[in-house]
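Below you'll find the structure, written out as structure tokens, and then a few comments.
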Amino acid sequence: MPALFQPLKLGELELENRIVIAPMCQYSAVDGNATDWHLIHLGHLALSGAGLMIIEATAVEADGRITPVDLGLYSDANEAALAKVLAAVRAQSPIRIGMQLAHAGRKASSKAPWDGGQQIPSAAADGWKTAAPSALPHAAGEEAPHALDAAGLARVRDAFAQAAVRAARLGIEGIEIHAAHGYLLHQFLSPIANRRTDDYGGSLENRMRFPLEVFDAVRAAFPADRPVWVRLSATDWVDGGWDLDSSVAFANALKARGCTAIHVSSGGVSPLQKIALASGYQVPHAARIKAETGLPTIAVGLITEPEQAETIVASGEADAVALARAMLYDPRWPWHAAAKLGAQVRAPKQYWRSQPREYKDLFEGVSIGQR
């Protein structure tokens, strides 16, 4: 059995294999509500044979959306719309489903990528004033956010917890807290975005304080038998920014609080980042965090080939691999990986007849008779 197709337990949640569908924003919601696009998109990916599908960054409050068309879980209407989508997906697929809870912070109030991705002015009809650790804009020429005060910190923390309660009611099987890619929790961690002089800024311990409080709130609000983990940016790729040593310290603090795993990405907090792109370029970060904390890690970033993914898992560099763009391009990536590596994968019976003759044992439980 290839390592990539061996089961994996994240706490009490057992996955059929080590392939994870990374959360990918679709910018297709209406007032935070999932739409028919989400039904098609998530339903499509749910048939992929992956072990876990993580729903895109889901805002815990309206002002925490990256764009006006981001998915949210801050209202009864949001919850009802997503419940409809999930009911249809679950009726057709046994895939495990997680959700990424997020707040965009100073990177909120932006246009969708295909509309340019620029910040929307707060005075515009579809814009709003953003919030952050400090009143520092993300990029030159953008509006500065307002710095969260004590009441604002409490409001955001409570919003994460309430979204976790809603996710539990929806039957979400695991929560990923988004502390990566320059969004609010990453902004608190990074000295590039956090210039506070109170208990939430300055030292590493202080900069970690609010993200850890959010983790504690989500962990307390979500059923104890379902896992909660964190996605972090292991480095800002900017001198003087958040770095891998800090990520190890943060992961150890999370482990002490019951965090199940770390999903290791990088970058996003500054336009000045200089990322050394290469195949699997973030895998060494995942390997070090795994080695120094003992936490399971999920590696992500330019992992495109089955043999590459197998090597990452088999070597112990990470416990699972997450795919984003590669999965959008090839939603049957796990099928093709199983075929190349000599494994089996779950496929819907309606598609069993698609199994190529040279891979007669590819699909689990195949039994085809045809008149």
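Annotations for the structure displayed:
- Residue match in the range 88-96 (condition: surrounded by 22 or more Cβ atoms within 10 Å (Cβ to Cβ), out of contact with any Leu (no Cβ under 9 Å at 6 or more places or on another chain) and modelled with pLDDT of 95 or more): no
- Counting the residues of the range 109-135 that are touching a strand residue (DSSP E or B) at 6+ places or on another chain (Cβ under 8 Å), part of a loop (DSSP other than H, G, I, E, B) and among the aliphatic types (A, V, I, L, M) gives 2.
- Test set (1) in contact with a Pro (Cβ under 6 Å, 6 or more places away or on another chain); (2) touching a residue at least 60 places away in the same chain (Cβ under 8 Å); (3) part of a loop (DSSP other than H, G, I, E, B); (4) not small (G, A, S) - P94 fails condition number: (1)
- Count of the range 136-168 residues which are in a helix (DSSP H, G or I) and out of contact with any His (no Cβ under 7 Å at 6 or more places or on another chain): 18
- Per-region count, the range 272-288, residues under 30 Å from P137 (Cβ atoms) and of a type in the set (A, V, I, L, M): 4
- Among the residues listed as A347, A337, the single one being on the phi < 0 side of the Ramachandran plot, among the small types (G, A, S) and part of a helix (DSSP H, G or I): A337
- Flag for W237 being surrounded by 23 or more Cβ atoms within 10 Å (Cβ to Cβ), assigned to a loop (DSSP other than H, G, I, E, B) and of a type outside the set (A, V, I, L, M): no
- Options G201, G127, G174: the member that is modelled with pLDDT of 95 or more and surrounded by 22 or more Cβ atoms within 10 Å (Cβ to Cβ): G174
- Of all residues in the range 288-319, those satisfying the criterion of being over 21 Å from S233 (Cβ atoms) and not in a loop (DSSP other than H, G, I, E, B) are P306, E307, Q308, A309, E310, T311, V313, A314.
- Hey, A57 farther than 25 Å from D361 by Cα and part of a strand (DSSP E or B) or not: yes
- For the range 218-234, residues that are buried (at least 20 other Cβ atoms within 10 Å of the Cβ) and either assigned to a helix (DSSP H, G or I) or basic (K, R) (or both) total 4.
The values are calculated or read from the model by the stated rules, or taken from the named source; none is laboratory data. The model shown is predicted, which means the values in this text are computed figures rather than measured ones. As a convention, Cβ positions derive from the backbone with ideal geometry for all residues, glycine included, and neighbour counts pool all protein chains shown.
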